[in-house]
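All remarks here apply to the structure that follows.
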Amino acid sequence: MQSLLPLVERIAPLLIQRRETIAVAESSTGGLIAAALLSMPGASAYFVGGAVVYTKASRFALLGIEDADMEGFRPSTETYASLCAQRVRERHGSVWGLGETGAAGPTGNRYGDAAGHCCIAIAGPHGLATTLETGGADRRENMEAFAHRALSLLLEAISAK
């Protein structure tokens, strides 16, 4: 998590200064994004909440995403990451929402994505989405790479304001 702290050290002051908040729905990062954001003193000024949305059951229970909401697309896509970002933002009443989904490894997911595949989206005043392919199968390395890219995308979005 140490590699994530320089990003959070840039994100936190911007959110605090603007009195903006963030909520996170992450999957393959397993809570690393939330943990990094919470590692800063004063995190309660900007971090509203988060969830590890790892299964279909948690997707429904935590974000209210039903099968009908998934019609025409599947998890592990930018579209799904965007839906998660929007839902977590709405449910927490935050300015920003971050959604992350992917396949950390060591194997790919059931949707045909290889290990190292991750989609991240930011919902808020400036929405962004991206896909990351690390090309690696090391689960822990991928989780950290995914979290790093997610925080970088968040910084890009809040800096664009």
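The values are calculated or read from the model by the stated rules, or taken from the named source; none is laboratory data. It should be emphasised that the depicted structure is a prediction, and the values quoted were computed from it without experimental measurement. Here Cβ is always computed from backbone atoms with ideal geometry, including for glycine, and neighbour counts include all displayed protein chains. Side chains included, ligands, DNA and RNA excluded: accessible areas come from the protein's heavy atoms. Shrake-Rupley method; radii C 1.70, N 1.55, O 1.52, S 1.80 Å.
Counting only the heavy atoms of the protein chains, how much of Met1 is accessible to a 1.4 Å probe, in Å² to the nearest 10?
90 Å²
Ranked from highest to lowest mean number of other Cβ atoms within 10 Å per residue, what is the order of the peptides 10-16, 77-83, 52-58, 98-104?
98-104, 77-83, 10-16, 52-58
By how many degrees, between 0 and 90 and to the nearest 10, does the Cα long axis of helix 139-159 differ from the longest principal axis of the chain?
50 degrees
With a cut-off of 8 Å between alpha carbons and a minimum separation of six or more residues, what is the relative contact order of the range 75-142 in percent?
Here the relative contact order equals 33 percent.
Sort the chain into rounded, prolate or oblate with this rule: let a ≥ b ≥ c be the square roots of the eigenvalues of the Cα gyration tensor; rounded if a/c is under 1.5, and if a/c is not under 1.5, prolate when a/b is larger than b/c, oblate otherwise. Mind showing how you got there, number by number?
On the way: a/c = 1.83, a/b = 1.27, b/c = 1.44.
Verdict is oblate for the chain.
Using each residue's phi in the range 73-85, evaluate 6.51 cos²θ - 1.76 cosθ + 1.60 at θ = phi - 60° and report the 3J(HN,Hα) Karplus result to the nearest Hz, with x for Gly and Pro.
8, 10, x, 6, 10, 5, 4, 5, 4, 5, 4, 4, 4
For the chain, with only Lys/Arg (+1) and Asp/Glu (-1) charged at the beta-carbon, what is the dipole magnitude about the Cα centre, in debye rounded to 20?
In debye, rounded to 20, the chain gives about 340.
Using Cα atoms only, what is the angle between the long axis of helix 5-18 and the major principal axis of the chain, expressed in degrees (0 to 90) to the nearest 10?
That works out to roughly 60 degrees.
Suppose accessible area is computed on protein heavy atoms with a 1.4 Å probe; arrange His117, His126 from highest to lowest.
Most to least solvent-accessible, the answer reads His126, His117.
Projecting each Cα onto the charge dipole of the range 7-112 (Lys/Arg +1, Asp/Glu -1 at the beta carbon, about the Cα centre), which of Leu37, Ala85, Pro106 comes out farthest on the positive side?
Value computed over the given set: Leu37.
Sorted by accessible area with a 1.4 angstrom probe, largest first, how do Phe73, Phe60 fall?
In descending accessible area the options line up as Phe60, Phe73.
Tell me, what HN-Hα J-couplings in whole Hz come from the Karplus equation 6.51 cos²θ - 1.76 cosθ + 1.60 at θ = phi - 60° for each residue of the range 124-135, using x for Gly and Pro?
x, x, 10, x, 9, 8, 8, 10, 10, 10, 7, x
Need the full-extension length gain, Glu9 to Thr131, defined as separation in residues times 0.36 nm minus the C-alpha distance. One decimal, nm. Provide the component values of the computation, followed by the final result.
Numbers: separation 122, 0.36 × 122 = 43.92 nm, distance 2.39 nm.
Stretched fully, the Glu9-Thr131 segment lengthens by 41.5 nm.
Sequence gap at least 6, Cα distance under 8 Å: using those rules, report the relative contact order of the chain to the nearest whole percent.
24 percent
Given Cα pairs under 8 Å that are at least 6 residues apart, what percent is the relative contact order of the range 1-89?
The normalised contact order for the range 1-89 reaches 29 percent.
Do the sum for the chain: with -39,500 (n - 2.57) for every DSSP H run of n ≥ 4, divided by all residues, what is the mean residue ellipticity at 222 nm, to the nearest 500 deg cm²/dmol?
-13000 deg cm²/dmol
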